[in-house]
Structure formats: structure tokens, C-alpha cells
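Just below is one structure, and these are the notes that go with it.
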Number of protein chains: 2
Amino acid sequence: MTMPDNVAAAKAALAHLDIEQNENAIKSKSRDFFWYSPVLKARMDHLVADFVVSPRNEAEVIEVLRICYAHDVPVTTRGAGTGNYGQAMPMRGGCVMHLRHMTGVKEIAPGRVICEPGILLKDLDAACKADSGQEIRMFSSTWATATIGGFIAGGSGGVGSCTWGSLRDLGNIIRLRVVTMEEEPRVLEFRGEELARVSHAYGTNGIITEIEMPLAPAYDWVEMFVACEDFMDAARFAEELANEDGILIKLASVYEAPAPFDYFQRLKGHVTDKDTVIGLMVAPHSMDGFETFLGRRPQARVIYRSDDNDWARGPGPVFEYGWNHTTLRALKVDPSITYLQVRYGFPEHLNLVEKMRDEFSPEVLQHLEVLRENGKVMFAGLSLVKFTTEARLDEIVRIHEEAGAMIFNPHRYTLEEGGRQTVDDRQLAFKREADPKGLLNPGKMIAWDDPDFDFSEMYAYPKMTAAE
Amino acid sequence: MTMPDNVAAAKAALAHLDIEQNENAIKSKSRDFFWYSPVLKARMDHLVADFVVSPRNEAEVIEVLRICYAHDVPVTTRGAGTGNYGQAMPMRGGCVMHLRHMTGVKEIAPGRVICEPGILLKDLDAACKADSGQEIRMFSSTWATATIGGFIAGGSGGVGSCTWGSLRDLGNIIRLRVVTMEEEPRVLEFRGEELARVSHAYGTNGIITEIEMPLAPAYDWVEMFVACEDFMDAARFAEELANEDGILIKLASVYEAPAPFDYFQRLKGHVTDKDTVIGLMVAPHSMDGFETFLGRRPQARVIYRSDDNDWARGPGPVFEYGWNHTTLRALKVDPSITYLQVRYGFPEHLNLVEKMRDEFSPEVLQHLEVLRENGKVMFAGLSLVKFTTEARLDEIVRIHEEAGAMIFNPHRYTLEEGGRQTVDDRQLAFKREADPKGLLNPGKMIAWDDPDFDFSEMYAYPKMTAAE
């Protein structure tokens, strides 16, 4: 692989920073979890950065951005690379900026924490819990390996969203400090309406160097699996539990049979192929309320609870069966499985779920996550899809959309296609200001590259590095 | 006042306990806040206990109940007597048992507290906050003067119910320890489904001697008043704020104009008679989100915030303007004011409010409290009613009910009439078991006294002590 002169010059100018020298490490640090999607895998598998730099602090981030700007080198920023929409993939090579050294926790107060973007969600929670019995309101199922910065730049919600809603909801991010990519990078502080400029923008218009997040109390959540033989009983169970205002929960997932039997190895012997399973995290002081709720539903049986079980080998954290870990577990058993990200909005959520299941099961198995949106309990679907062809996948997407189930397509690498298929004017306007040369994570914002794109087919970034 | 022989005998047998000797104190300890209702005032003003005893612990509670059982003496149990449905009024005289000595906090753990019933809500919160930065999920606006036992035995919800729902919701009471009134009183522990037997039962079927409640984090809530010139704008503001999943609130009250101008003395100079006012408690780490929310609503203006104001004289706690403190403030200015307790259920809540306002304003001024019920934001109405006659009050109640706005009639002293006008079979069944002689707070449970009552008119307890 030959490096263009401008890239080599930028790399040389940054030689005093932590630059990865190992070829294999460069390759692995150029990749995220895009390969959950066969569509993205077919298109992005060859992508690799020219160099990977890991700044130690904001001053070094500024230096990377200034030097790369001067040499016209694209910069794709990443945390742990656990995202699934290809958001950390360097479409034109160049520089991958890895924030793994920026792990500082600067302040913890009642209800809030200030930290750097590269800290793992797990480590951030550990710090908050040790300091004052607190934890972040929500996290991705990749809690053990993902960073808070990556979660904000690429995530939408997760474990905790059944109570607190999504990251984009007012109050779920307090403040972001952002560096621009200009001749002389600026450092900006965003709150309130300004947060939408850079949150969930894949680092296309600024680099987050400091984060202030709200906290919730950290409880010793009781993690459970509950089994139902009827899928809709299970979906209603999860919804009704989330609607119990006095029972505090952090997770309510539903996995349609036979997914738990087929894909959850450690549940073998505890479930049959008829069992739809509900994954739960319930506050310990809500367990009395939960047991009362459960007692009213003889169709549901608890098969595991973390605080009281006789399993020879525990299943590990229950949230590592939910959100996109469900897909990961299925993929490991059956590599032909991929997924969709669906919004089943209130008040039609249960009807839509039933309709899509009637239409597609077992080609598409329902995996639901309880979510709050505008104060109402509804479902995010991370449906398990038995992949055959791209055409069939597109057809499945279309049928969902026609039924009124919005799709956030995880088989696309642009912000627009993975979102609501509309241009986010705030993100675009801020990119014009903060990234005038269009060097930040290129190819991920259609509005920047091709304002007239009509979304009639998958966007293909023309400047993407070609496979060899 | 002559004391019947059996009562005198019971009093004598309890002479070693703390028995009130002062006549005026006996009178004041025989009264609660029933006089918010002109209907109850006309019927209950003369009621007085024969004696008042204040047990120091559960053993003394048992002794009181055993002795009074033996002598056929009615026992009406009370905390601070801040309730409004006459629930602590001794209908047949006899013994009033005052729990003011039973103020122990036995255990505080993450998410839960165990305490005795006579502790003031304020003191319970102070203990939980000092121990571990926690507080109870919800409390009545009489927080400073009311007891936790009275709240559970007579309350339904309050400040905090916008987030946590009502006391009757699963998980909002963990455990109650209850003493029966039998020849040999028994001590029972209730959890789960059993809680409904004695919570909100006015002490008619058992005496609560220990309470386990869930806790939430105690934040330095930012208390605010927000003014809107349009009433429905204000109602929507409160509802929409409560639907913001990422903004943590503890109170959202709406007071229709001109109530704030007319009745809230300390708001003079800050509001006009056109201003409908919203009372709020917002978590400090949600203030950024709140200000963003506010910025989108130019029709609303913040007139007071507890953490930043230049008021010469502060208004005191904002929650002391909400729930039934609104009525109290109005009553102090205009003694002809009374109130109704209304349920404006989801999803018709806003329409119902508007309809009732169109029908009755200004004879009835809307006072709304945001409440969660089955996971949905809706309103409790504690409407301010300009009282004229009982017939007109009954008509106002009827028109609400016909429109679909359920009334919990605070002008009635029985559990059924102040509730859903249906017999609670669980409470009745437990009374049969726990109070076979029917001595506990007599006259408050119609199902016990008159199973065939048809609710066509106000219930009148035939054995009620007659006015002299």
C-alpha cells in the first residue's frame, strides 16, 4: 500500500504523537462492526486507514486536525469501533484518529458527570458508582467495550432507554465540547439546541473532546429471563411492565422463539424452541412490585434471576443478550443472520409488531426493545433477518415502511439512510462552518456530497477507496 | 361531656400510657382538615374523642387495641391529621390513637427505607438525605406537617406522582406491618397483592406500625413558577414537559388565572389576573434540557426560580402551592372556596379539562396536577370551587362524571364515596378478619355498615355522635 504524499507529510508532521506502527493493528483499528451487515461487508471490507493516531488530550486532537487540514487529509474519528453502520470506517483512507487515550473523568456531581470521550462505558460507570453510587442513564449493549464518545457520536439509545428515552431527547446529553477542523481549529461548547449539531453525526462535523452527561442512581439491578410460549403475551408483558410507573426497570427485551433456543447458548436446557424470552433488569427495591406483577400473569415464568438461581454456569449480563448483542449472538451461530432497526411507534406498536411477525416469521424473527418516546412506551425492533439477497432485504424494508414501521437502515453507511432519510440541516450547516474542506469522516453525509440525491437507491460514495 | 362507662374503663386500663389530659388538646387532636369541605364541616364539626392516647411503640399499639376491643371502644387512628376527607374524625367518639411518638427510622438502604408510621414526611426525607442522598418518591403537599403513616392510610399520591404514579401502583409501597383489633391482636406483614387491603383504608381494618418504602435520589430540585396568558398553553406546557423522558421532574402543577393573582399572596407584583401559573420542580441536571424546552415556547415565561431570583421575599417551597395547598391558600383568602378531586384520564385529559373549564370557569377554576397512570401522563384536577349550595356542588360533580371526568368526592367521609364508589372487597374481607367487632374508625366503610347502600345520595353513618 503506497501512501499519497500529502498523507505521508501529515503523518510525518504528527510523528511525535502516538502513531500506530503495526500493519495488522492499523487494519484492525480501521474497522468497526459494519460486518453485521452483509450489504456493508460487500462494500467496506477493504477499507483501511493510511495511518492511525491516538491523541492523548485535546491539544493533540487540535494538532491532528490542524495538520491534516493543512495537508488535505481526511480524518475519521473512532472510539472502540463497536458501531454497526460503518460510521468509523475511513472511506477514503487517510487518518483514523483513535480516542482511546482520552479517558479522563473530570468531575462527578449529583446527577452529572464530565468526562473525556474515549473512556469505556464500563469504566465511566465504575467511576461514577465508586464516587457516589451513580451510573449513566443509558448505554449500548457493548457497555464493556464501547466508549462514551462513540455512543454519543453514533448511538441513539440502549439499556436504560425504557425509562429515559433516547440520547437525542432533551436532557440526556448536557454539554459537548467540540473541536472544528479548520486552518486553526476552534473549541466550542454546545448545550441545548446546539447539541443536535454534533450528537449522532459520526464525527462528520467536529470532534467531541469533553462530555457532560446526566446520571441516575446505580442499583444492583436484578437481571432476569422470563419465558412465555406465546409471543404476543411476551410483548404485552414487556410493555405492561414498562408502563408500571412504580416499578423501576433498566431493560425490557423480547426475543421471539426460537431465537433464544437457537442462539443463546447458555440458555440451553432452560428454554425450548417454543419459548419467547424476555430479558429484564429490575431495581432490587422494585422486585416486590415485579413479583406481584408476575403473579398476575401465569403465562410467564421466570427462568433466571441473577440474585437467586441454581444455574451451573450463569448467562452473564442479561443486557448482553439485548440490543445489538442479540444480533451478534445469532450471527455467531448462523452467519447468514443480519438485522433491521425498526421503530414501532405508539400507539400502534403492538399491532405493527404482530403484523410484521405475521408477514415475515420465521424469515424475520422479532427482537423488541422497550423504549420511551415522548413519554410513551413503545418498541424499537432489532429484528433478526435471515439474509438471502440484497433485493429481498430491500423488499423487507419496504414492506415495513409501507405498514408504518419506520426503518433506520443498518445496511447503509450514511447518516441520512441510517436515519430518517432526510437531511439534518443543523448538522449540514455546522459542517459547512466546522469542516470547510469536507475532511471529517468523508462519505457519511449525503447532504454534503450530493444535495440532490433522491434516495431511490443505496447511496454510493463516489470517492470511496476502491477495492484492490 | 360524660364518658360512657366502657370508655372510661378502657381509658383507666391504659392510664400508664401517654394519655392526653388537656381538654382543648383532646379537641384539637380529634380533628383533621375535613373543614376544607363545607359539606363535611356541617356534619363533623362537633365530633370529639373521649380520650386520646399516643402509644410509644408497637407493643403499646397492641395494648391499646386489646383493651379497647375488650371494652368495645372504637379506635380512630391518626397521624398529623392533615387529611381532608374526614378520615381521622372519630365518628362515635371513643379512643383516638395518635401515632406521633412512633417516629423511628429503622433501616435505610439503596432504594428503600423502613420506618414507623408517625414520622413526619419532612423528617423521613431528612434522615434519608443525610444517610445516603435519598428521599421518598412522592409526598403530599403537607410534607412539613404530615406523617408517612397518614399519607399511606389516607393519601393517593402527590409531589412526585408525575414521575412515579400513585401510591397504589405496584412498587410504590414495599411492605406494611399491621396490627389487628381482635381479642388478641395479631401482627401481620403485607407485601404485594396484600398491600391493597390496608393502604388507603383510613385505618378501618388494621393499624400500620411499620412501613417499607422505595426511595429515589434526593436532588436540589430547582423550583419554578412559569406564567402563561393562555390557560390551555399552560396545560399543554405541563403535559409536554412531563412527556420529556430525559427531563426529570418532581412536580408540574397548573393554576388557572386569576387564582395565582387572587390567592397566592407572595406572587403579588409578579403575576397579573390574566396569568395562569405553572409550578415546577426540575432536577438541577435537567435544567439545561428544561431551558431548551422553554426556549421553544415563547408563550411561557419563568417568573421565579429558586436557584436564581431577585425576589425580596421568596415564595417558600413551590410544592406548598400545589396539590391541596392550592385549596388551602384559596380558602384563606376566600372562605367560600372549596374543591373537587377530578381524574382527567389519558388520552382525553386535555379535552376534558378544556370542556370542564368552558362549562364552569370562573365558578370552578382549574387546578391541575400532572400525574402518571399506567405509564401515561394525565392530570389530577383539584379544582377550586366557589361554593354556593350542596345541591349545586352535587350538580357540578354530576356534570363532571357525565363528561367522563371521574370524581373522588372530598365532600364525603366514607372510603367508597371518596373513592370509586365501589366496595373494595379486599378491604372489606380483611376488616371481617382483623376487626370483627367493627371498632376501627367506624362509619368510614359503607360496605361494612350498609352493604346494600345504593349511592343515590350521601351516606350518613347512623351511629355517628349527634351534635349537641
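The values are calculated or read from the model by the stated rules, or taken from the named source; none is laboratory data. As the structure is a computational prediction, the values presented were derived from the model and not from experiment. Using ideal geometry, Cβ is built from the backbone for each residue, glycine included, and neighbour counts are taken over all protein chains shown.
Give the number of residues within region B:162-186 that are assigned to a loop (DSSP other than H, G, I, E, B), in contact with a Ser or Thr (Cβ under 9 Å, 6 or more places away or on another chain), among the charged types (D, E, K, R) and within 23 Å of B:Met102 (Cβ to Cβ).
1
For the condition without any contact (Cβ under 8 Å) to a residue 60 or more places away in the chain, of a type outside the set (D, E, K, R) and in a helix (DSSP H, G or I), what is the one hit in A:Ala130, A:Ala153?
None of the other options fit; the residue is A:Ala130.
Before we move on, is B:Arg372 part of a helix (DSSP H, G or I) and among the basic types (Lys, Arg)?
Answer is no for this residue.
Find the residue count for region A:200-233, including only residues that are within 12 Å of chain B (Cβ to nearest Cβ) and either surrounded by fewer than 24 Cβ atoms within 10 Å (Cβ to Cβ) or within 20 Å of A:Ala447 (Cβ to Cβ) (or both).
Total meeting the criteria: 8.
Within region B:180-197, can one find any residue that is under 19 Å from the mean Cα position of the chain (by Cα), away from chain A (no Cβ under 14 Å) and closer than 23 Å to B:Leu65 by Cα?
no
Run down A:Thr276, A:Thr326 and say which single residue is in the same structural domain as A:Ile247 (by TED's automatic domain parsing), hydroxyl-bearing (Ser, Thr, Tyr), surrounded by 21 or more Cβ atoms within 10 Å (Cβ to Cβ) and within 23 Å of A:Met406 (Cβ to Cβ).
A:Thr326
Given the condition more than 14 Å from every other protein chain (Cβ to nearest Cβ), among the aliphatic types (A, V, I, L, M), out of contact with any helix residue (DSSP H, G or I) (no Cβ under 9 Å at 6 or more places or on another chain) and closer than 28 Å to A:Asp334 by Cα, answer yes or no: does some residue in region A:23-44 qualify?
yes
Has region A:421-443 got at least one residue that is within 26 Å of A:Glu354 (Cα to Cα) and either assigned by TED's automatic domain parsing to the domain that holds A:Pro335 or not hydroxyl-bearing (Ser, Thr, Tyr) (or both)?
yes
Could you check region A:43-99 and list, in sequence order, the residues that are charged (D, E, K, R) and in contact with a His (Cβ under 6 Å, 6 or more places away or on another chain)?
Within region A:43-99, A:Arg56, A:Arg78 meet the criteria.
Go through (1) within 21 Å of the chain's Cα centre (by Cα); (2) surrounded by 24 or more Cβ atoms within 10 Å (Cβ to Cβ) and name the single condition B:Ser28 misses.
Condition (2) is where B:Ser28 drops out.
Could you please find all residues in region A:75-102 being surrounded by fewer than 24 Cβ atoms within 10 Å (Cβ to Cβ), of a type outside the set (Lys, Arg) and more than 23 Å from A:Ser156 (Cβ to Cβ)?
A:Gly93, A:His101
Which of the residues spanning region A:1-39 are among the hydroxyl-bearing types (Ser, Thr, Tyr) and over 30 Å from A:Thr338 (Cβ atoms)?
Residue satisfying the conditions is A:Thr2 alone.
Take the residues of region B:43-79 that are touching a Gly at 6+ places or on another chain (Cβ under 8 Å) and among the hydroxyl-bearing types (Ser, Thr, Tyr): which is farthest from B:Ser140 (Cα to Cα)?
So the residue we want is B:Thr76.
What tally of residues in region B:50-66 results from selecting those that are more than 21 Å from B:Gly443 (Cβ to Cβ) and in contact (Cβ under 8 Å) with a residue 24 or more places away in the chain?
The qualifying residues number 10.
For region A:376-404, which positions are in a loop (DSSP other than H, G, I, E, B) and either surrounded by fewer than 16 Cβ atoms within 10 Å (Cβ to Cβ) or assigned by TED's automatic domain parsing to the domain that holds A:Cys162 (or both)?
Of everything in region A:376-404, those that are in a loop (DSSP other than H, G, I, E, B) and either surrounded by fewer than 16 Cβ atoms within 10 Å (Cβ to Cβ) or assigned by TED's automatic domain parsing to the domain that holds A:Cys162 (or both) turn out to be A:Thr388, A:Thr389, A:Gly404.
Which residues, taken from region A:117-127, are crowded, with 24+ Cβ neighbours inside 10 Å and touching a residue at least 40 places away in the same chain (Cβ under 8 Å)?
A:Pro117
For every residue, the table says whether it meets (1) touching a residue at least 40 places away in the same chain (Cβ under 8 Å); (2) more than 22 Å from the chain's Cα centre (by Cα).
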residue: B:Glu369; (1), (2): yes, no
residue: B:Glu390; (1), (2): yes, yes
residue: B:Asn409; (1), (2): yes, no
residue: B:Arg412; (1), (2): yes, no
residue: B:Gly418; (1), (2): yes, no
residue: B:Thr422; (1), (2): no, no
residue: B:Phe430; (1), (2): yes, yes
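Scan region B:309-323 for residues that are over 23 Å from B:Gly155 (Cα atoms) and either surrounded by 23 or more Cβ atoms within 10 Å (Cβ to Cβ) or without any contact (Cβ under 8 Å) to a residue 40 or more places away in the chain (or both) and jot them down.
Those that are over 23 Å from B:Gly155 (Cα atoms) and either surrounded by 23 or more Cβ atoms within 10 Å (Cβ to Cβ) or without any contact (Cβ under 8 Å) to a residue 40 or more places away in the chain (or both): B:Asn309, B:Asp310, B:Ala312.
Looking at region A:144-159, which of its residues are buried (at least 24 other Cβ atoms within 10 Å of the Cβ) and within 27 Å of A:Ser286 (Cα to Cα)?
Result: A:Gly157, A:Gly158, A:Val159.
Scan region B:368-426 residue by residue and report those that are of a type in the set (A, V, I, L, M) and within 14 Å of another protein chain (Cβ to nearest Cβ).
Of everything in region B:368-426, those that are of a type in the set (A, V, I, L, M) and within 14 Å of another protein chain (Cβ to nearest Cβ) turn out to be B:Val370, B:Leu371, B:Val377, B:Met378, B:Ala380.
Assigned by TED's automatic domain parsing to the domain that holds A:Met232 and closer than 25 Å to A:Gly157 by Cα: is that true of A:Pro298 in this structure?
no
Is it the case, given these coordinates, that A:Glu210 is outside any strand (DSSP E or B) and at pLDDT 95 or above? It would help to see each step written out before you state the result.
Working: outside any strand (DSSP E or B): no; at pLDDT 95 or above: yes.
When the stated conditions are applied, A:Glu210 does not pass them.
In the list B:Glu183, B:Glu223, B:Glu193, which residue meets the criterion of being touching a strand residue (DSSP E or B) at 6+ places or on another chain (Cβ under 8 Å) and acidic (Asp, Glu)?
Only one candidate qualifies: B:Glu223.
Can you name every residue in region A:103-127 that is touching an Asp or Glu at 6+ places or on another chain (Cβ under 8 Å) and part of a helix (DSSP H, G or I)?
Of everything in region A:103-127, just one residue is touching an Asp or Glu at 6+ places or on another chain (Cβ under 8 Å) and part of a helix (DSSP H, G or I), namely A:Asp125.
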